[in-house]
Structures are given as C-alpha cells and as structure tokens.
Amino acid sequence: MMHWIVRAGIAVILIFGTAVSANAAELISEQTVAIQLQDDMEVVTVFAPFKFTVRDASNTYELTPGLYTFKPQTSKPAQQRFHLFSKTFTPNQGDAERVYVNEWRKLGYPVESVTIGKELATKSGRVLDARVHWISLAQLDTEAEALRKQKELEASEQWTWMRPEITQAGTGTVKMKGAKGTYTLELPVTISTPRALAVTNVDVGFWDEKKERLAYSGTLELGVTVSGGLELIEHIRVEEYLKGVLPSEMPAVWPAEALKAQAISARSEVLVNLSTKHSLENFDFCNKEHCRAYRGVNLHKESTNQALADTRGKILVQDGAIVETVFSSNCGGWTENNDTVWFGPPNSALRGTHDLPKAVASPFGTIAGVRDWITRPPAAFCAGDEVGFRWTRSYSETEIHGMIGKSYSVGSIQRIELGERGVSGRLKWIRIHGTADTATIKKELPIRGALGGLPSAMFDLSVSGNSPKRTFAIRGAGRGHGVGLCQHGANGMALKGYKYSQILHHYFTDVKIERVR
C-alpha cells in the first residue's frame, strides 16, 4: 500500500509499493516553465510599453503604459523546512528503495521519499518518464539545524545534499504605484501583457552580483518569500523560454550545427528537469547559470531561433526516458562522469570522454599526468577558447584564509590536500587541514566555491614560501562542471564540419535523437 502527502505540488511517499504516477502524464507540447527572476526584493519595478493587466484574488486592473512599482505593505512570510537528501532511485527500483529506506528507519531517521519530476506524454500517446525518488533522511525547520545534522552525518561518511521546501505560501499586500494612481493588491499578483514587459534590477550574476534591465513575454507572478520580501516568477511555454536560453548559453554567431546541438541539448535538459531543481520552492528554474542563463526576450536572435525551429520537437532519449543533457562552457579536453560532479547514481548517457578527434589513453592516473595535461594541453575541440581552456590563479595566504574561512572554521590553514580525481582529472574532494579542525569538501561546485569561485575543479595546486606569507598557485583546465555537452567543443567540431547529430553522439553515450510533439 502507498500513502501520499501532497505538499507544494510535490508527492511525498511515506510507505512504499510499486512506483506509480500521481497524475496522468502531461503532454510535452503543453509544458510551461516557472522561472524565478527576482528574490527577496524590497521593490519590484516594471515598465510596460503597452497596455497590460494586473490581477489579484479580488480585482482585475487594465492599466495604461508606463512605469510601475510594487512595494510590500504587509506580509506573512512563506514557511519552509530543509531536507537532507542522501540517495536517488528511479521508479523501477522499488525493491532497492524499500530496503534502503527501512535500513535508515531502523536507525531512527524520519525518512521520506520525495517524487521529483514528471511523466511526459507525446501526442501519439508515448510516455517518457522523467521521475526520480529523492530519499530525505531528515527534515529540519531551520537551515542552521540542517547544517548541524548534515555535519553529523558527514562525520560517519554519509554525504547529503540540502534542499529547502516551501510548506506554506506567503501572503500579504503590496502597493502598486503608477503615473495615474496607487492601488493596494492582495498577494499573489499576476501581471500579463500581449507583449513584453521590462523588469529592472534583475540579478544575472553567478559568483558575483550583476544586475540588468530585461524584458519578459510570459505571465509574471508576484509572491512572498520566506523573508517576507517579494519574489517575481515568470510562467512561459518551453519553446519561448528556450528562445531566451539559447543565445544566453551559446554565442548566436557560432556555426549552425553547434547551435542545433545546443538547441536539442537545452530542450531535453529543460524537459527532464521540469519539477526537479527548485520544484520544492514552487518554481522550476532560476535565471542564473546555476540552472541555466536566461535573459528573457532581450537576447532573442534570428540564428538561435532558427536552430530551435530546425530541431523543433527533437530531444535525446535513452531506454524510454529523456536524457538529462547537461552542458558546460569548456570541458578542458575531457568530459566528466555525472556522479563525480553531483550526488546521484551514475547516468549511462553522461560518461566522461575525450574531446579529441582521436581517442587517447587517460593521462589522469598520476599527478605527473595531470600536471602534464594541464601545462601541455592537447589539440582538443575546445582548445579555441583562450580564456576557459587553460587558466591560472594566484592567492596570498591571507586571501586563501579569507575564502575558505567564509564557510569552513578550520583555524589557520596548514595544508590543502587534493584528493581522488574523476575520469577527466576533476577533483572529487579536497581536504583543508587547519589548526582548529579539518574539513573535507566534496563535489565540484563546493570545491570551486571554497577556493574563490574557480572556473573548474580540474586543477593542480602548488605552494611556495613560508607561512604567513605563502603563495598558493593554481593551474587549471576548463570552465564549468564538464559533464555532457562541451559548448566550446561543439563549436570546434562544427568548425571542422561535424553535423549536430555527430556532435551530440560524441558527448552523450548510447543515445538516440527523436522527434516528439
């Protein structure tokens, strides 16, 4: 028997049986996405060049063109809790999932299995299953409690990833002010127009803050965050969303075959990740590189729109499921396995491979091989990227202490240990040895973040001088996680005459290109 709790649109399985769908499969052609554009704002400002409509629970306002501001008057913040997820299962792994859950319950953990993702159907009736079950070992009321529990689990070599979940939406009122008056509206508020609206102060940075004024053609929704500020979410159809993604992710002047490969990758990746990355927070994606870069209608380009049109409906599939076709800027000459970079099981489509015209033996078995690979780079497809293919960083001891000390209280740093590497030479973990404590940092993005936002986790470190005036020199390769499609590699392949299908089959293992409607 299986019991369900539906919270914020997410099905939580408490007792296990055969995996089933909570709802009928949804048509791929009708999919929309919800993108968080702004978060925790004290004021949201939009400019409407045309007439537009604003609605709350009680009223509808038809408004004239102009500049409008929305400021919160009263608010009851959204409520949340924090999950510590430890493992991923697919719906057909019910027996293994049941055993795993029961083992942890015997240890006293309040285990929940959260169903993430959707079943998507084509118009012909074919169902492509994009669901997975994330196993939550603990659910805590505050981030501080979750971090303490996470550290406790890590001490016993149980690694987890944390995700917040909105358990109750925020409420409140907002004052909308325009040239012709002021209105008090009840949140949530929707803003719609037959054309695009401009939004000011949209944060588009990754490691640093960068704000722009961008235009969006979807329906906008104002809500309340867990801090009581305003958040702005856009609801838009997948293909329209992709028009804003493609030129943000890949230069529109690149060859058509590279753009087509990117179009199919982006479409597949969006569809497979609907209701996954931020679904516990009531939206699908953010607008930053963390999910994928998105600049609304500002960057729509004829060449990228054409690439989407030429590949309309085409996705990558494997064994009846849409492939999670992730991509990054530059693999550095060798792509990485997904399970090296992220928590989760190995994905047979996302196996690391060389980015060369001809296969070569892996050079990453020894530190000498890693150093030679970085300092004497091969003629890889992605080598044309002078900024991301190879890079260096140099930090003083004070700078290193400052960067690491932001997240890890280890005292004065004695040494940094570089651990095991993946198939591409990317580090799986590093260990910070300090006078007060030792911290082990696992997975690609935390490693990069701990050392000041490095371009990738494929690097070597050398230390010179004596404390407290040591110099930490880092030589590295690639930009981004390195899993799946290498964008600069796709460009290099296209320039050499490869077709988009050849590019995709080079970066993704044992996949098929299929057209769905």
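Taking the alpha-carbon centroid of each part, what is the distance from region 345-366 to region 157-200 in angstrom? The two parts, judged by their Cα centres, are 44 Å apart. With N counted as the residues of region 189-262, its alpha-carbon radius of gyration over 2.2 N^0.38 Å works out to 1.32. In this structure, the amide hydrogen of residue 347, modeled 1.01 Å from its nitrogen in the peptide plane, lies closer than 5 angstrom to those of 338, 339, counting only residues at least 5 positions away or on a different chain. For mean projected area of the Cα convex hull in nm², one of (1) 49.7; (2) 25.6; (3) 27.2 was computed from the structure I shared and the rest are decoys. Which label? The calculated read-out lines up with (2).
Projecting the Cα atoms of 179, 424, 373 onto the charge dipole of the chain, computed from C-beta unit charges around the Cα centre, puts 373 farthest toward the positive end. Taken along the Cα-to-beta-carbon direction at a fixed 7 Å, the label points for residue 55 and residue 515 span 3.6 nm.
Working ranking of peptides 244-254, 147-157, 388-398 by packing, defined as the average number of other Cβ atoms within 10 Å per residue, highest first, is 244-254, 388-398, 147-157. 3J(HN,Hα) along region 50-63, derived from phi through the Karplus expression 6.51 cos²θ - 1.76 cosθ + 1.60 where θ = phi - 60°, amounts to 9, 4, 8, 10, 10, 10, 10, 5, 10, 9, 10, 10, 9, 10 Hz, with x in place of Gly and Pro. Under the criterion of Cα pairs below 8 Å and six or more residues apart, the relative contact order for the chain equals 16 percent. May I ask for log10 I(q)/I(0) of region 385-517 at q = 0.18, 0.20 Å⁻¹, from a Debye sum over the Cα atoms as equal point scatterers with solvent left out? For region 385-517 at q = 0.18, 0.20 Å⁻¹, log10 I(q)/I(0) is -0.98, -1.14. Find how many whole Å separate the alpha carbon centroid of region 438-509 from the alpha carbon centroid of region 238-305. Spelled out, the Cα-based centre of one part sits 21 Å from the other. Packing-based ranking of 45-51, 130-136 yields 130-136, 45-51, ordered from highest to lowest mean Cβ neighbour count within 10 Å.
Positive-end ranking of 435, 328, 516 along the dipole of the chain, with charges on Cβ about the Cα centre, is headed by 328.
Where only DSSP H runs of four or more residues are counted, the chain gives -6000 deg cm²/dmol as its mean residue ellipticity at 222 nm, each run worth -39500 (n - 2.57). All Cα-Cα distances of region 191-321, cut into 10 Å bins from zero to the largest, leave 12, 40, 36, 10, 1 percent in each bin in turn.
Each reported figure results from applying straightforward, stated rules to the coordinates on display, with no laboratory input. All figures in this text were calculated on a predicted structure; none of them were measured in a lab. Reconstructed Cβ throughout: ideal geometry from the backbone, glycine too, with neighbour counts over all protein chains shown.
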